[in-house]
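**Student:** Handing you a structure now.
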Amino acid sequence: MGTPTDRRAVLHVVTDPRRRGSQAFAHDLDVALRERGRASSIVALAGSGELDIPVLGPGRLHPRTLRALRRRAAGVGLVIAHGSTTLDACGIALVGAGTPFVYVNIGDPRHWAKDALRRARVGLMLRRATAIASVSPMGREVLLHAYRLAPERVRAIPNGRRPERFPPPDESDRAKARAELGLPAEATVLAVVGALAGEKRVALAIEAFGLLAGTEPASVGEHPQTPDHRLLVAGEGPERAALEALAERRAPGRVTFTGNLADPGPVYRAADLLVLSSTSEGVPGVLVEAGLSAVPAAATDVGFVRDVVVDGVTGALADVGPGPGDPRALVAAIRRVLADRDTMGRAARARCLERHAMETVVDAWIALLDEQRR
């Protein structure tokens, strides 16, 4: 006997249960839909992580994983695929299954379009989706142009987070968070939140922090200063050992690595600003989380970061160039934020509440889901 199908139900699919951008958003959207009385569930293709999400199989595109996905999809009316690997998985597993899927594009689609073969493969999978949601209006335009998709199939729905999970801290909250993380109460704390992988370019943030903290001269002829600056790096990944060694050379004793955290809230409560040094991004969830916490950002001007970081208003943008990047440009952005930190933090929170609060985002998702059922 086949699985009974609830045509009102949706199934969210993420790559793995780690607490990263698309996974955190999918988890929050699943909860928000159920709170609105919608039938919703969530699964991960493979792997392990901090989020309580069932895992389907041993590998993201393993045959057992794809068969399990097809079986789970048979019991719902619609699948929502969050992230690039889930596009391939759903595009393969759901062929001929009768269950449509919507793809959520979190990153910058231009990252896929660098070679013709990859562009063709991604375009094929995108056309198998019944609809595509981009987290940015700019992302929607890139998708339409790069893949020649029908405009009515692609819409922009912002990345979102639950504001109640990221309230602005008072002094007591800040002191408690810093004590939990082993940070001095009176230090100026910069935070990096994300995977310790190449595209996040965390080495650039550490190089910039070394200059800012005064462990190296900022330019020829300048003397180092020793203000009480600390860098908090929350995340895990293949570059951790190398980054720890770099931190010890550039800013000995001033950089704390936390590994992955199930709840990043204490990091934002402890931080004076967020540093984002990536080479490529969509609309990073960490910027939304920090903004809701009234923490402004100094960020590289990549992808659709401008959706959250309005230069000189909610933070500062840095043009650091390609490759390893110029740490001095990032230092300049950090200093601009520190000079007006409180005002920028309030503006960041106001912008994120207006554009990225989950209550608003879920309204747009419900409208899209209802359209797919007509």
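**Student:** Condition test on Arg161, is it of a type outside the set (A, V, I, L, M) and either open to solvent by 30 Å² or more (accessible area, probe 1.4 Å) or at pLDDT below 95 (or both)?
**Tutor:** Details: of a type outside the set (A, V, I, L, M): yes; either open to solvent by 30 Å² or more (accessible area, probe 1.4 Å) or at pLDDT below 95 (or both): no.
So Arg161 fails the test.
**Student:** Residue check: is Val79 assigned to a loop (DSSP other than H, G, I, E, B) and β-branched (Val, Ile, Thr)? I'd like the intermediate steps shown before the answer.
**Tutor:** On the way: assigned to a loop (DSSP other than H, G, I, E, B): no; β-branched (Val, Ile, Thr): yes.
Criteria not met by Val79.
For (1) exposed (fewer than 15 other Cβ atoms within 10 Å of the Cβ); (2) closer than 25 Å to Val308 by Cβ; (3) charged (D, E, K, R), each residue gets a yes or a no:
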{"site": "Arg70", "(1), (2), (3)": "no, no, yes"}
{"site": "Ala89", "(1), (2), (3)": "no, no, no"}
{"site": "Ile92", "(1), (2), (3)": "no, no, no"}
{"site": "Ile157", "(1), (2), (3)": "no, yes, no"}
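**Student:** On to the next question. Out of all the residues in segment 234-271, which are open to solvent by 30 Å² or more (accessible area, probe 1.4 Å), farther than 21 Å from Phe25 by Cβ and assigned to a loop (DSSP other than H, G, I, E, B)?
**Tutor:** Pro238, Glu239, Pro252, Gly253, Arg254
**Student:** Taking segment 87-124 as the search range and keeping residues that are within 18 Å of Val283 (Cβ to Cβ) and in a helix (DSSP H, G or I), which one is modelled with the lowest pLDDT?
**Tutor:** His111
**Student:** Oh, and also: Looking at Ile334, Ile366, can you tell me which residue is in contact (Cβ under 8 Å) with a residue 60 or more places away in the chain and either loosely packed, with under 15 Cβ neighbours inside 10 Å or among the acidic types (Asp, Glu) (or both)?
**Tutor:** Values: Ile334 fails: either loosely packed, with under 15 Cβ neighbours inside 10 Å or among the acidic types (Asp, Glu) (or both).
Answer to the selection: Ile366.
**Student:** Look through segment 51-76, keep the residues that are of a type outside the set (A, V, I, L, M, F, W, C) and outside any helix (DSSP H, G or I), and return whichever of them is nearest to Arg153 (Cα to Cα).
**Tutor:** Looking only at segment 51-76, we keep the residues that are of a type outside the set (A, V, I, L, M, F, W, C), and these are 52, 54, 57-60, 62-65, 67, 70-72, 75.
From the residues that got through so far, the ones that are outside any helix (DSSP H, G or I) too are 52, 54, 57-60, 62, 75.
Details: Asp52: 32, Pro54: 30, Gly57: 30, Pro58: 32, Gly59: 30, Arg60: 26, His62: 29, Gly75: 24 Å.
It comes out as Gly75.
**Student:** Mind checking which helices (runs of 4 or more DSSP H) fall wholly inside segment 324-374 and carry at least 3 residues that are within 18 Å of Asp307 (Cβ to Cβ) and among the small types (Gly, Ala, Ser)? Write out each step before concluding.
**Tutor:** Working: elements: 327-339, 341-356, 358-372.
Those helices (runs of 4 or more DSSP H) span 341-356.
**Student:** Counting just the residues of segment 185-204 that are more than 12 Å from Val267 (Cβ to Cβ), touching a strand residue (DSSP E or B) at 6+ places or on another chain (Cβ under 7 Å) and not in a helix (DSSP H, G or I), which one comes out most open to solvent (accessible area, probe 1.4 Å)?
**Tutor:** Taking segment 185-204 first, the residues more than 12 Å from Val267 (Cβ to Cβ) are 185-188, 195-204.
When the remaining residues are screened for being touching a strand residue (DSSP E or B) at 6+ places or on another chain (Cβ under 7 Å), the result is 187-188, 195-196, 202.
Narrowing the set further to residues that are not in a helix (DSSP H, G or I) leaves 187-188, 195-196.
Working: Ala187: 5, Thr188: 40, Ala195: 10, Leu196: 0 Å².
Of everything passing the filter in segment 185-204, Thr188 is most open to solvent (accessible area, probe 1.4 Å).
The values are calculated or read from the model by the stated rules, or taken from the named source; none is laboratory data. None of the values given here were measured: they were computed from a predicted structure. As a convention, Cβ positions derive from the backbone with ideal geometry for all residues, glycine included, and neighbour counts pool all protein chains shown. Surface areas here come from the heavy atoms of the whole protein model, side chains and all, with no ligands, DNA or RNA. Shrake-Rupley method; radii C 1.70, N 1.55, O 1.52, S 1.80 Å.
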